[in-house]
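To keep things clear, I will list the structure first and then write my remarks on it.
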Amino acid sequence: MIAGFVKNENGVLESYKMEVKDFYCKVNINLNQTERDELYQIAQNVVYEEYLIEKDHTPDNNYITQAESLPSWFKEKTKEFLKIGWPMFLKNKGDVPWHTDDKRKSSITFQLNDSETPTMFRNEVGELELLHHNLGAYLQNNEQEHSVPKADKDRYFLQISFDKPYIEIKEMLKHDI
Ligand SMILES: [Fe+2]
């Protein structure tokens, strides 16, 4: 365990025990190639909106859209999470500046196409961790600063976003779903 710092509700920094892995963790929901391809097809055919940062309405190079029609097998696999979260497609070619998310606290991210470009996380004590998605599903702590370096092609994801913190969703992963 490593001591870190986190802002409390009044914006004051408080010491806090955290593990580096509080940036992200693996989620044991696996998609086979056919399932991933089905979602990738949907992801490539929906209309995206440029994401604008809430505080200054500037783009962060992410493109998002609500995932309105998803296959029933996906809804079944993720039903516990869809009860409390909302699904969305996201794509970017990287070049996403360091930020914390303004409309969610955590998210489960399914990578839909192969990409070498990682998502990078850093914390208040300067620790840096790269998330190589490797076509897997990861729970991400979107309250930690993260960024994406420039990529040469679009990275496609299906995400379930939560207004509950990472730690709470991580607890859910320990139980059968
Ligand atoms: Fe983000």
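The values are calculated or read from the model by the stated rules, or taken from the named source; none is laboratory data. Note that the coordinates shown come from a computational prediction; the quantities given were computed from them, not determined experimentally. Quick reminder, even Gly has a Cβ in these numbers, built from the backbone with ideal geometry, and neighbours come from all protein chains shown.
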*What are the residue pairs meeting all of these: first residue in the stretch 99-111, first residue of a type in the set (Asp, Glu), second residue buried (at least 21 other Cβ atoms within 10 Å of the Cβ), Cβ atoms under 8 Å, and 6 or more apart or on different chains?*
Asp101/Ser107; Asp101/Asn142
_Residue pairs, Cβ under 7 Å, 6 or more apart or interchain, first in the stretch 43-65 and without any contact (Cβ under 8 Å) to a residue 24 or more places away in the chain, second loosely packed, with under 13 Cβ neighbours inside 10 Å and in a loop (DSSP other than H, G, I, E, B). List them._
Leu52/Thr58
_Looking at Asn123, Asn113, Asn92 in this structure, which one is modelled with pLDDT under 95 and either farther than 19 Å from Ile169 by Cβ or not hydrophobic (A, V, I, L, M, F, W, C) (or both)?_
Asn123
*asked:* For the stretch 51-66: of the residues being within 13 Å of the ligand (Cβ to nearest atom) and of a type in the set (Val, Ile, Thr), which is surrounded by the most Cβ atoms within 10 Å (Cβ to Cβ)?
replied: Ile64
*Where in the stretch 42-143 are there strands (runs of 3 or more DSSP E), lying wholly inside it, with at least 1 residues that are in contact with a Cys (Cβ under 7 Å, 6 or more places away or on another chain)?*
137-141
_Tally of residues being over 12 Å from the mean Cα position of the chain (by Cα), within 14 Å of the ligand (Cβ to nearest atom) and among the β-branched types (Val, Ile, Thr) across the stretch 67-116_ = 1
_Per-region count, the stretch 122-149, residues within 16 Å of the ligand (Cβ to nearest atom) and of a type in the set (D, E, K, R)_ = 4
